[in-house]
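A short write-up of the structure that comes next.
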Amino acid sequence: NALLTPTSGEILIDGKKPGVDSKEIISYLPERTYLNDWMRVSDIINFFSDFYKNFNKDKAYDMLAKL
C-alpha cells in the first residue's frame, strides 16, 4: 500500500528499506491526508490493518459503532 510514489532517492531506516519491522519503531505524521476521497470507512480500516501487523479490525469497528 503505497500512498506516495517516490520520484528519486532511497529511504533507509537503520540501513534497511522500510518494512513491517520499521513500522513498529517510527511514526509518520503528514501535513495533509493522503487517503483518497473515494475511500469508504471499510477501505480505510483495511488499509490500516495492512499497515500495522497488530491492527484489530473488530476493535476498530466496535469503536466506530460507539461514535
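A few points about this structure:
- One equal scatterer on each Cα of the chain, no solvent, Debye formula: the resulting log10 I(q)/I(0) at q = 0.11, 0.13, 0.26 Å⁻¹ is -0.35, -0.48, -1.36.
- Listed values for segment 32-48 are Karplus-derived 3J(HN,Hα) couplings in whole Hz (6.51 cos²θ - 1.76 cosθ + 1.60, θ = phi - 60°), namely 9, 6, 10, 6, 6, 4, 7, 5, 8, 4, 5, 5, 5, 4, 5, 4, 6, and x replaces Gly and Pro.
- Among 51-63, 29-41, the peptide with the highest mean count of other Cβ atoms within 10 Å heads the list, and the full ranking is 51-63, 29-41.
Every number here is computed from the coordinates shown, using simple stated rules; none is lab data. None of the values given here were measured: they were computed from a predicted structure. Cβ: placed from backbone, ideal geometry, glycine included. Neighbour counts: every protein chain shown.
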